[in-house]
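Working notes, structure below.
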Amino acid sequence: MSVKGKTSSDWEVRTLCDFNEPGRREVIRSHFSMMAAVKAFARINKIYGKFGRCWQEDREGRIVGGETQ
């Protein structure tokens, strides 16, 4: 999917990490489609997963992917 014409507020899914700090929800990347989020998660989790728990949420705050520790 192309990002042409999209703005930063058009995201559908966000990848987050807590960096082993309770209550922390740091946005690592915003994705414009669920398919893009699924494809990118393995790579993002490989990088940031060693520093804390990574997961993905949709606009409503529901967890749609990721690890549960």
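Read-outs: derived from the displayed coordinates by stated rules, not from any lab. Remember, predicted model here, so these are calculated numbers, not experimental data. Cβ sites come from the backbone with ideal geometry, for glycine too, and all protein chains shown count toward neighbours.
Tell me yes or no: at least one residue of the range 40-47 is in a helix (DSSP H, G or I), touching a Gly at 6+ places or on another chain (Cβ under 9 Å), within 14 Å of Gly65 (Cα to Cα) and aromatic (Phe, Trp, Tyr). Spell out how you get there, then give the answer.
Taking the range 40-47 and keeping what is in a helix (DSSP H, G or I), we get 40-47.
With the extra rule that they be touching a Gly at 6+ places or on another chain (Cβ under 9 Å), the set shrinks to 41, 45.
With within 14 Å of Gly65 (Cα to Cα) added as a condition, the list becomes 41, 45.
After this cut, where a residue has to be aromatic (Phe, Trp, Tyr) as well, the list is 41.
Yes, the range 40-47 has at least one match.
Under the condition of being surrounded by 11 or more Cβ atoms within 10 Å (Cβ to Cβ) and assigned to a loop (DSSP other than H, G, I, E, B), which residue from the range 48-58 is farthest from the chain's Cα centre (by Cα)? First the steps, then the outcome.
Quick first cut of the range 48-58, residues surrounded by 11 or more Cβ atoms within 10 Å (Cβ to Cβ) only: 48-49, 51-58.
From what is left, the residues that are assigned to a loop (DSSP other than H, G, I, E, B) are 49, 51-53.
Numbers: Gly49: 12, Phe51: 15, Gly52: 13, Arg53: 11 Å.
It comes out as Phe51.
Taking the range 24-50 only, how many residues are of a type in the set (Phe, Trp, Tyr) and touching a strand residue (DSSP E or B) at 6+ places or on another chain (Cβ under 7 Å)? Give the derivation first.
Taking the range 24-50 as the starting set, the residues that turn out to be of a type in the set (Phe, Trp, Tyr) are 32, 41, 48.
Narrowing the set further to residues that are touching a strand residue (DSSP E or B) at 6+ places or on another chain (Cβ under 7 Å) leaves 41, 48.
Of the residues in that region, 2 qualify.
Hey, does the range 16-30 have a residue that's assigned to a helix (DSSP H, G or I) and out of contact with any Leu (no Cβ under 6 Å at 6 or more places or on another chain)?
To start, the set of residues in the range 16-30 that are assigned to a helix (DSSP H, G or I) comprises none.
Scanning the range 16-30 turns up no residue that is assigned to a helix (DSSP H, G or I) and out of contact with any Leu (no Cβ under 6 Å at 6 or more places or on another chain).
Within the range 32-64, track down each residue that is free of Cβ contacts under 8 Å to residues at least 24 places away in the same chain and closer than 23 Å to Thr7 by Cβ.
Lys39, Glu60, Gly61, Arg62
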